[in-house]
Amino acid sequence: MKSLLSEQGTKARRDVLGADWVDRNLENTTEFDCAWQMYVTNINWAGTWSRNIIPQQQLSLINLAMLAASGQMHEFEHHFRNALVRTKVPLTQLRELLLHVAQYCGIPTGTDMFRIARRVLAEEGIDLSTLQPLDTSYLYTLDTEASS
C-alpha cells in the first residue's frame, strides 16, 4: 500500500493532518478503500497541498470555507484544529473567515462554526486574551435618539 502513495502527498498530509491521524487511516485501510487512500494522497495532497502554489495557511482557510458551506461540520472541526495548530492560521483570520462564511451561508452555519471553534480553542488551551477586539464602529446602530 505505502509504495502506491506519493511521497510528496504523504508528507503534506502528515504536515497538515498530523502523523498519528494519517497512520491511523493507513493502518485501517482495507482492499475495499485502498483506492480511496491512493486518490486522497496522490491527487489531493500531492496534487494541491504539496505544490506550494497557494500557501498552506490560505489552503486551510479555503478548506474551512468550503467545508462549512457544504455542511461538513465533522471535517470542519478537524480542519479548524489543523489550521490553528499545524498550519498556524492567525486567530484574527480564522475569526474573519467564520464571520464571512456565516454572512454568505447563514446564521445556522455561523452558529455551528463558532460553537466548534470555541470548543477547539478551549481544548487546545488557546489564550484569547491577546486577540484584538473587532472594530465594530462601522456597523449600524439602533439608537433612535441619535437619529432624532
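The values are calculated or read from the model by the stated rules, or taken from the named source; none is laboratory data. What you see is a predicted model; the values in this text were computed from it and never measured. Here the Cβ positions follow ideal geometry from the backbone for every residue, glycine too, while neighbour counts run over all protein chains shown.
Run I62 past the list (1) within 12 Å of the chain's Cα centre (by Cα); (2) more than 20 Å from D15 (Cα to Cα); (3) among the aliphatic types (A, V, I, L, M) and report the number of the one that doesn't hold.
The single condition I62 does not satisfy is (2).
Would you call D23 buried (at least 16 other Cβ atoms within 10 Å of the Cβ), of a type outside the set (S, T, Y) and over 30 Å from P108 (Cα atoms)?
Answer is no for this residue.
Looking at A122, A35, A46 in this structure, which one is surrounded by fewer than 19 Cβ atoms within 10 Å (Cβ to Cβ), within 17 Å of G9 (Cα to Cα) and either acidic (D, E) or over 15 Å from the mean Cα position of the chain (by Cα) (or both)?
A35
Do you know which residues across segment 81-97 are in contact (Cβ under 8 Å) with a residue 60 or more places away in the chain and either acidic (D, E) or part of a helix (DSSP H, G or I) (or both)?
N82
Matching residues to (1) more than 20 Å from G18 (Cβ to Cβ); (2) at pLDDT 95 or above:
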residue: F80; (1), (2): no, yes
residue: M113; (1), (2): yes, yes
residue: A122; (1), (2): no, yes
residue: T130; (1), (2): yes, no
residue: Y138; (1), (2): yes, no
residue: D143; (1), (2): yes, no
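Quick check: anything in segment 95-108 within 12 Å of the chain's Cα centre (by Cα) and either more than 21 Å from A122 (Cα to Cα) or among the hydrophobic types (A, V, I, L, M, F, W, C) (or both)?
yes
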